[in-house]
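Written out below as structure tokens is the structure these notes cover.
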Amino acid sequence: MTSGEKFFDRLLGRPPESHLPTAHVPVNAGLQIDLDNLGRVLQTHGPLRHRLVKHTAEQHPEPLVDYLCAHSAVVIEGSPADWQGQNLDLDFNGFAGRPLQTRGWIQPSGDGWVLQLLDIGDLIGHREHAEAREQHQLLSAQVSERLRVCSLTRLPEVVQDNLQSIAQHFQIPCVAIALLDEQDLGWRVHSQYRTFDAPVLWHDGQALGAALDSLGGTAPLSLTLTHGHSEHPRLQGIFANAEGFLVPYRDDHGVAAWLLCGFYHAQDTFERDWLQLTAALAAPLLSRLREQRHQQQLDRLEALQGLLGTGWWELPNLSDDIQLAPQLQQHLNPDEATTRHTLSDWLRLFHPADREELASRLHDLQTLSKPLSTSVRLHRLDAAQNPIWYRVQGQALGVGNHRRLVGFMLDISDIKNQQQQAAAAHARLDNLIASSPAIIYVQRYVEGTLQPLFFSDSLLPLLGRTLAECTAASLIEWLHPDDRDLYFERTRQLLREGNVRSRYRVQDKQGNYHWLLDEARLLRDDLGLPVEAVGLWLDVTEATLAAEHVKQSEERYRILVEDSPAMICRYRPDLTLTFGNTPLANYLECRPEQLPGLNLADWLSAEQRDSFVQRIGRLTPEFPVSTAEISLQLPGREHAWWVWSDRGVFDEQGALVEVQAVGRDNTEVRRSQQQLTQSAKMATLGEMATGLAHEINQPLNVMRMAIVNVLKRVRDGDAQIDYLTEKLQRIDTQVQRAARVVDHMRVFGRRSEVEQHPFDPAQAVEGTLSLLSEGLRGKGVELRLTPPDFTVQVKGHVDQLEQVLINLIVNARDALLGQREKQPELRPWIAMHSEHDGRHVRIWVEDNGGGIDPRLLERIFEPFFTTKPIGVGTGLGLSVSYGIVENMGGRLSVSNGEHGARFCVELPLA
Ligand code: ADP
């Protein structure tokens, strides 16, 4: 009996026991049972009798059947006499539920019978064992065969199937195979199977930790846990304290797999068989997994080579043919399939410039075994394309006939091209620094001081100095004496705080000082100790001087703005002031610092404000300036007139951000203009005195006539009431007429208001006629009027337009009367008519006085220009009229018509 079998005996719970030899047993060696004729047991003998549950005959003999296992009862039907001459296989009820399997015969003995029986339990056991083993081996063979032949993709499925077969064969609820983790993270359940009703013990991929490691040393080994008891308490975790059984598989490196059986108690099977079964499962599985890993590695390698544009090459020692990895071939020449080339063909793939070097290095490798490492370009016919660079490396392997040259080629175009780009960028940067007003420097930290270590090439063009001339001492010397303290402080601050920014003057070789802006940073080592300072000198001489200039000119401008007599301010589009100079503040009776925040609109009437905002709204980056006369209402003061010039400041999107404005008080000018207008008006009135006298005389005459007549009738005593009434009514009409004229003259003589208002120009025409028509008629001048059939509105002052029309008509009258003196047959007339289009209304005044001398046409609007004798003409009429019309946004113009002068008053519609 092998130690394994003993172990299994222990395992299977068999009591240690010597086995009986199977043949030629002495009669008293087995079991003898004395029976009576009815087959009842009288007596039992022999050593086997102790294995029977019943071994002593009772007081009343009992039938043999009572001693037997149920299935043996059928063997002994009838009485002992019937059983003679037969082999009797009888299983007796034994201890611990284990039957005593016997074979024997019956023979007469005295007046009864004796049954001679031998233990054949072992024989049966062996046979069953052999059968089981055969099945076991069959299973093992199947398991290993399936694993060996399946495809790698089906491997997990096949492992499952195998575990299922094992589980079903041995009726194991849970089976699993545990393998060592690839990353050496301990044991892991590779695959598991459980019958549908079994509890979950494991899952695929589950980590089992190190519990299984401690068992490896005692292999070959199987372990049984009986209800959670084991010599290896850590296993209890794996088997969840239930029964379990586990079998190792060992290969040349030790235990490589475990078969785990949960809720299972191994039965009559030898450990050898379990080991064999486990091996049949684990060995091919491990080998297939290794194969799988290998395959994956190959795939990865292939993918990597494909991605990197790399691959191996091999040159057998005595051969002239080079073999290339397929991916490499694909990369080098996708059109060609063959991976084997002659050496010269291969070399021809490379750029002529690199070919010789590669050939020579390859030769060195062949003859001297000197490792090859070089970079080469592919020979491409299209020169415009970026070159493709390969790194070629190689080494000799093996000796003698087995010597071969092996290497790889790697596409390094990216790196090479980047290198070249970087080199170009570097060169450009060097160039840039050399030609820029910047110097990069490095100072080394030596015992608390900073010593010049490096200067960029720009040092020479900028300061005319070289690195060799720069020592710590000479640097101090070159510093402007006034700035040396600054420099020392800069160094101290740099060492203290790690960075510094300062500005000082350094002398160049010609003796000129440069303002240098110095930005430096201290670099420290791992321990925080200073190593070196890296810095940048920027020549800011020009900027510094320019800034100085700007400062000076800013100061000048500031003074200019402050001291300017003009009012200067800045305001936002909502008219809020952001700045105002002293004159503006004085004007507004406050201090300049009180101006910001005030709103210009506060001093404008609603109308003025609207037109102001509209005007500002029309500013654009293209036309940023607008000038206008604005009138302001300052509380408690007279109206002020400013000539105001605005310049818009715009942001990048063209939106108005701010307005800068310059203003001049124009009130005086305005006032004198108004006075001028007024005096002109008065002059007009004076002018018209004659006409007016006529105008008033007319009703007076009528009234006098009426009164004379009435008086006469009264004196005659013939004053009837009807007659008197009629005369008095006539007088009243004439009084009203005279009052109207006087009224209108009063209104006309008044000063105009400040604000303009909309009105119908026909009103002015009417007013003019009320003052002039009678006088004209008296002088024999015909008025040709075409009354307008429309009403429109213009903006301004109705009395001023009337003044204009009066001037034009009076001038026409004068020209006509003058002309009639020379030409008595002239029948003078003045025509007046108006017309309008969508935007303007035009009032035409024309006469037949012969017109204006073309040489004078340009001058008649000049103030004080007159052709009339001194004391008669003022020369203001037309110039004031021109100003009035212009002020209304219109235009006064003149031309000579067929008969005489034609004046046109053109006004924009409101
Ligand atoms: P004044 O009437 O006081 O001379 P004005 O400015 O009104 O001043 O006119 C300037 C001059 O223009 C006149 O002196 C006259 O020579 C000329 N003028 C104006 N209107 C006419 C007209 N309708 N026909 C001819 N000349 C005219």
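The values are calculated or read from the model by the stated rules, or taken from the named source; none is laboratory data. What you see is a predicted model; the values in this text were computed from it and never measured. We place every Cβ from the backbone using ideal geometry, glycine too, and count neighbours over all the protein chains shown. All accessible areas refer to the heavy atoms of the entire protein, side chains included, with ligands and DNA or RNA removed. Shrake-Rupley method; radii C 1.70, N 1.55, O 1.52, S 1.80 Å.
Whole angstrom only: what separates the Cα centroid of region 330-344 from the Cα centroid of region 76-149?
Taking the Cα centre of each part, region 330-344 and region 76-149 sit 76 Å apart.
Under a 1.4 angstrom probe, counting protein chains only, how are Glu271, Glu542 ranked by accessible area, largest first?
Ranked list, largest accessible area first: Glu542, Glu271.
Which angle from 0 to 90°, rounded to the nearest 10, does the C-alpha axis of helix 352-368 make with the longest principal axis of the chain?
On a 0 to 90 degree scale, this one is about 20.
Let me see the P(r) profile for region 791-910: every Cα-Cα distance counted, bins of 10 Å, each bin given as a percent of all pairs.
13, 45, 32, 9, 1
Could you work out how far helix 413-435 tilts from the main Cα principal axis of the chain, as a 0 to 90 degree angle to the nearest 10?
40 degrees
Grab the other residues whose beta carbon is less than 13 angstrom from that of Pro592, score K and R as +1, D and E as -1, and report the net.
-1
Are there any trypsin sites (Lys or Arg not before Pro) in region 690-783 that are in a DSSP loop and have at most 11 other Cβ atoms within 10 Å? List them by number.
Arg750
What are the semi-axes of the equivalent ellipsoid of the chain, taken as the square roots of 5 times the eigenvalues of the Cα gyration tensor, listed largest first and rounded to whole Å?
135, 52, 31
So what's the convex hull volume per residue for the Cα atoms of region 385-447, in Å³?
172 Å³
Quick one: if the Förster radius is 56 Å, what FRET efficiency do Glu668 and His351 give, using the C-beta to C-beta distance and rounding to 0.05? Mind showing how you got there, number by number?
Values: r = 91 Å, r/R0 = 1.63.
About 0.05, to the nearest 0.05.
Please give me the summed charge of the neighbours of Leu816: other residues whose Cβ is under 12 Å from its Cβ, Lys and Arg +1, Asp and Glu -1.
With Lys, Arg at +1 and Asp, Glu at -1, the net is 0.
Name the long-range amide H neighbours of Tyr504: under 5 Å, sequence gap of 5 or more, or other chain; modelled H, no Pro or chain starts.
Hits under the 5 Å cutoff: Leu516, Asp518.
Using DSSP loop states and a limit of at most 11 other Cβ atoms within 10 Å to flag chymotrypsin sites (Phe, Trp or Tyr not before Pro), what is the longest stretch of the chain containing no flagged site? Could you put the intermediate results ahead of the total?
On the way: sites that count: Phe196, Phe790, Phe864.
Within the chain, the longest run free of exposed chymotrypsin sites (Phe, Trp or Tyr not before Pro) spans 197-789.
Leaving ligands and nucleic acids out of the surface, order Asp563, Asp273 by accessible area at 1.4 Å, largest first. Display every interim value, and only then the final one.
Details: Asp563 115, Asp273 5 Å².
Listed by decreasing accessible area, they come as Asp563, Asp273.
How much of the accessible area of the chain, in percent, comes from carbon and sulfur atoms when a 1.4 Å probe is used? Before the final figure, lay out the partial values.
Details: 26540 of 50440 Å².
The nonpolar share, carbon plus sulfur, comes to 53 percent.
With angles folded into 0 to 90 degrees, how steeply does helix 667-715 sit against the dominant principal axis of the chain? Use alpha carbons for both and round to 10.
That works out to roughly 50 degrees.
Loop only by DSSP, 13 or fewer other Cβ within 10 Å of the Cβ. Give me the GluC sites (Glu not before Pro) in region 622-689 that pass, ordered by residue number.
Qualifying residues, ordered by number: Glu622, Glu638, Glu652.
Would you mind checking which residues have amide H under 5 Å from Asn848's amide H? H placed 1.01 Å from N; only 5 or more apart, or other chain.
Trp829
Give a quick list of trypsin sites (Lys or Arg not before Pro) in region 386-457 that DSSP marks as loop, anything other than H, G, I, E or B, with at most 15 other Cβ atoms within 10 Å.
Passing sites in region 386-457 are Arg403.
Once label points are set 7 Å from the Cα along Cα→Cβ at both Ser679 and Thr541, what is their separation, rounded to one decimal in nm?
Output for this residue pair reads 6.6 nm.
Quick check: residue separation of Asp743 and His50 times 0.36 nm, minus the Cα distance between them. What number comes out in nm?
In short, 232.9 nm is gained.
Explain nothing, just the number: relative contact order of the chain, from Cα pairs under 8 Å at least 6 residues apart, as a whole percent.
Computed value for the chain: 4 percent relative contact order.
Cβ under 9 Å from Asp518's Cβ, Asp518 left aside: what net charge do those residues give with Lys, Arg +1 and Asp, Glu -1?
Counting the neighbours of Asp518, the net charge comes to +2.
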